[in-house]
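The values are calculated or read from the model by the stated rules, or taken from the named source; none is laboratory data. Predicted model, so just to flag it, every value in this text is computed and none were measured. Note that we place each Cβ from the backbone using ideal geometry, even for glycine, and neighbour counts take in every protein chain shown. We work out accessible area using only protein heavy atoms, side chains counted, and drop any ligands, DNA or RNA first. Shrake-Rupley method; radii C 1.70, N 1.55, O 1.52, S 1.80 Å.
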Amino acid sequence: MEYPGVLIDVALSQCESIYQNTQQSMASVTLRIVQNPYASESGSMPTPEQAHNRSMQCYDLIDKVYQALQGVEIGELSPLSRFGQYKETRDYELFVYRIEFRTLLDDLAKEG
């Protein structure tokens, strides 16, 4: 995997029938931003200062992703709204940061 990378997951919850063939669901869009602040293009270990600067760049990227997606409307979905975000704890050197957005989805079932 090349860094940075983004893993995207979409899940539906709180599905509720609002008409005979229509459900309204809360959709969550989860982004995991994956970076490796310890990766070095030269193959050598970065200095602590270089690793710190790369970690700060990780947070800059997180803010850019939030700014790009907050309030975005996709098709018939309500605007995306950030629900939560946090750094995930990992046993290895990767920096993984999770941002969750929510939106409402009206899902029309096909007839016959």
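Observations
- The range 54-112: relative contact order as a whole-number percent, Cα under 8 Å and 6+ apart: 29
- Most positive-pole-ward Cα, TYR19, SER78, LEU108, against dipole of the chain from beta carbon charges: SER78
- PHE95 long-range amide H proximity, modeled H, under 5 Å: GLN35, ASN36
- Within the range 27-112, the GluC sites (Glu not before Pro) that combine a DSSP coil assignment with at most 13 other C-beta atoms in a 10 angstrom radius are GLU41, GLU73, GLU76, GLU93, GLU111.
- For the range 4-18 and the range 64-91, distance of Cα centres in Å: 11
- Computed magnitude of the charge dipole of the range 19-112 (debye, nearest 20; Cβ of K, R +1, Cβ of D, E -1): 160
- Labels on offer are (i) 6.0; (ii) 9.4; (iii) 7.8, and the one holding mean projected area of the Cα convex hull in nm² computed from this structure is (ii).
- The mean accessible area for residues of the chain, using a 1.4 Å probe and ignoring ligands and nucleic acids, is 71 Å² per residue.
- Crossing angle, helix 48-69 versus the chain [Cα axis fit, 0-90 degrees, rounded to tens]: 20
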